[in-house]
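Accompanying notes for the structure given below.
Values in this text are rule-based calculations from the coordinates and carry no lab data. From a predicted model like this one, the values you see are computed outputs, not experimental measurements. In this analysis, Cβ positions are derived from the backbone assuming ideal geometry, glycine residues included, and neighbour counts consider all displayed protein chains.
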Amino acid sequence: MKVITTVAELQEMLQTTNKNVVLVPTMGALHEGHLSLVKLATSQENSFVIVSIFVNPTQFGKNEDFDKYPRILDADIEQLNSLEVLPDVVFAPVTAEVYPEGLPERLEPRAGAVGSVFEGVARPGHFDGMLHVVSWFFRTVKPKIAVFGAKDAQQLYLIRRMVHREFADAITIIEAPTVRAASGLALSSRNRFLSEMGQATAPIIYANLKFVEVEIMLGEKPSVALARARAALEGLALAKLDYLALVDKSSFKPIDDSFQGEVILLVAIVYEGVRLIDNITFTIQEPA
């Protein structure tokens, strides 16, 4: 596994392989969820795996502390070195490599309406910044395959749409399942900020998602199941529900009670002051 920091080094490395380039984009502070993406990448046939680590300033809003985001490259490399099959390259560019002309005053508005709802409300401009940097990595690395986690469902939807619009579907996007603790809590770099009690009680978020799924599968109207779960989450101590919503996976638009097809159940909640997101996917079928 080679660690490189410049585009020039990357281009030199890419010239040495005729394998399928597989990209795993990250912002570092790696945990088991990230490592599962790398494992999925290295399992691809004839793969040359590049893990990128870059904390992107343009996807942080005014109320988010970009400077405090953990940058622990040595620890991240140690984690990657612990894997049974190592990635081929860790690409960890500095900001000047990604933004050689300095940070842009305005970004191309790629996210559109989907980028202004749910996470887009809490983090204005986040998705345009995310899409900008993912597009840069796609154009620089030129992967055949890219691996992203299912936990960031809105991000994944927007990336797939961008690949269709800007890259003519030339990049295969692999959706990696959300990795969870035994309790059901989705793994996240933010979980470290929860107290011991928070770690023990936060799994109720996932439990409520599964409750909604089961109720709908048993014939309950989606709006009714959502209302019950919303009330339960709003009643939690030390918690503030941001949103709980069911969306059509193909369009990311909220569904009504007549909908049939694949849906994503999304949640965002501030728990002990820590903003947590999660989701599950299931299919609503016509009642028997």
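The phi-based Karplus calculation (6.51 cos²θ - 1.76 cosθ + 1.60; θ = phi - 60°) puts the 3J(HN,Hα) values of the range 49-62 at 9, 10, 9, 9, 10, 7, 8, 8, x, 7, 9, 9, x, 5 Hz, whole numbers, x for Gly and Pro.
Please work out the FRET efficiency for the pair residue 283 and residue 78, using the Cβ-Cβ distance as r and a Förster radius of 51 Å; give the result to the nearest 0.05.
Once rounded, the FRET efficiency stands at 0.80.
From least to most packed, judged by other beta carbons within 10 angstrom and beginning with the fewest, 220, 84 follow the order 84, 220. In the range 99-221, the inverse of the mean reciprocal separation of distinct Cα atoms equals 17.0 Å; this is its Kirkwood hydrodynamic radius.
Paramagnetic label reach from residue 16 (point 7 Å along Cα→Cβ; backbone nitrogen cut-off under 14 Å): within the range 49-74, residues 49-50.
For the chain, the longest principal axis of the alpha carbon atoms and the long axis of helix 153-167 meet at an angle near 50°. Relative to the longest principal axis of the Cα atoms of the chain, the long axis of helix 32-42 lies at roughly 60 degrees.
Under 5 Å between amide hydrogens, built in the peptide plane, is the criterion, and for residue 278 it picks out 267 among residues at least 5 positions away or on other chains.
How much of the calculated P(r) for the range 194-240 lies past 15 Å, in percent of all Cα pairs? Please report the intermediate quantities before stating the final value.
Numbers: 495 of 1081 pairs.
So the portion of pairs separated by more than 15 Å is 46 percent.
Step through the table entries 39/249; 2/62; 62/151, compare each Cα-Cα distance with 32 Å, and write down the pairs that go over it. Listed pairs above 32 Å: 2/62. Computed from the Cα positions only, the extents of the chain along the three principal axes stand at 57, 43, 41 Å, in decreasing order.
Given labels modelled 7 Å from the Cα in the Cβ direction, how far is it in nm from residue 272 to residue 121? Modelled inter-label distance: 2.6 nm. Charging the Cβ of each Asp and Glu at -1 and of each Lys and Arg at +1, and nothing else, the dipole of the range 43-142 about its Cα centre rounds to 380 debye. Close amide-amide hydrogen proximity is noted between residue 27 and 54, each under 5 Å apart and 5 or more residues distant or on a separate chain (H modeled in the peptide plane; Pro and chain starts excluded). Computed from the C-beta positions of residue 6 and residue 160, the FRET efficiency with R₀ = 25 Å rounds to 0.30. Taking a virtual spin label 7 Å from the Cα of residue 167 along the C-beta vector, which residues in the range 14-41 bring their backbone nitrogen under 15 Å of it? Counting backbone N atoms under 15 Å from the label point, the list is 20-26, 41. Using only side-chain charges placed at the Cβ, +1 for Lys and Arg and -1 for Asp and Glu, the dipole size of the chain relative to its Cα centre rounds to 180 debye. Each residue in 139, 161 was given a count of other beta-carbon atoms within 10 angstrom of its own, and listing them fewest first yields 139, 161. Candidate cross-link partners of residue 142 among the lysines, defined by an alpha-carbon separation under 17 Å and a same-chain spacing of 8 or more, comprise 19.
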